[in-house]
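These notes concern the structure reproduced below.
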Amino acid sequence: MRVMEKALTTLTLMFSLTSANLFAATLMISVEVKDRIHTVERMWVIEQNFPPFEHGLDQGKYIIINITDIDGNSIVWDKIPDPTVMRGVLDINIPNSTHGEYEADLAAYTLRYRYEPGMHLVTITELDTTQPMTRRSNTGFAPPKKVIEERILLE
């Protein structure tokens, strides 16, 4: 009897792990940037569970991704380094420069998150912690600036 319970428990666990992988999906968000304007070009779901995305180095400029349901409840909240800022690139305008920082005027990046049923709205805001505010502000940094608010309409 005990052996039968163990076997049944093992089979149940294997089935639930297998079915979880079968139904796992990833939300892909393709974003283009031109003159600091971020635009969602495409959103789609891949019926596969990808590992978490590794983001670049911390440089003080971020984008904040908030994915909410139809009622505005947050499903995903993430803060990542701004993908348009590249560090360590050679600065050709400065002789003998070993590295520098470059902010692309034209760029594209893809975000990916585990897809959850009920995802409805993607909001992306910029947050720059390198620019201090005037003395009137008590926050210390410029307020976040909303750059995208896009409903999820999957293809």
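Summary table below
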quantity: Enumerated strands (runs of 3 or more DSSP E) restricted to region 87-155, each holding at least 3 residues that are more than 21 Å from Val76 (Cβ to Cβ), at pLDDT 65 or above and out of contact with any Pro (no Cβ under 8 Å at 6 or more places or on another chain); calculated: 100-103
quantity: Identity of the residue in region 61-85, part of a loop (DSSP other than H, G, I, E, B) and at negative phi, that ends up surrounded by the fewest Cβ atoms within 10 Å (Cβ to Cβ); calculated: Asp71
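The values are calculated or read from the model by the stated rules, or taken from the named source; none is laboratory data. This one's a predicted model, so the numbers in the text were calculated from it and none came from an experiment. Quick reminder, even Gly has a Cβ in these numbers, built from the backbone with ideal geometry, and neighbours come from all protein chains shown.
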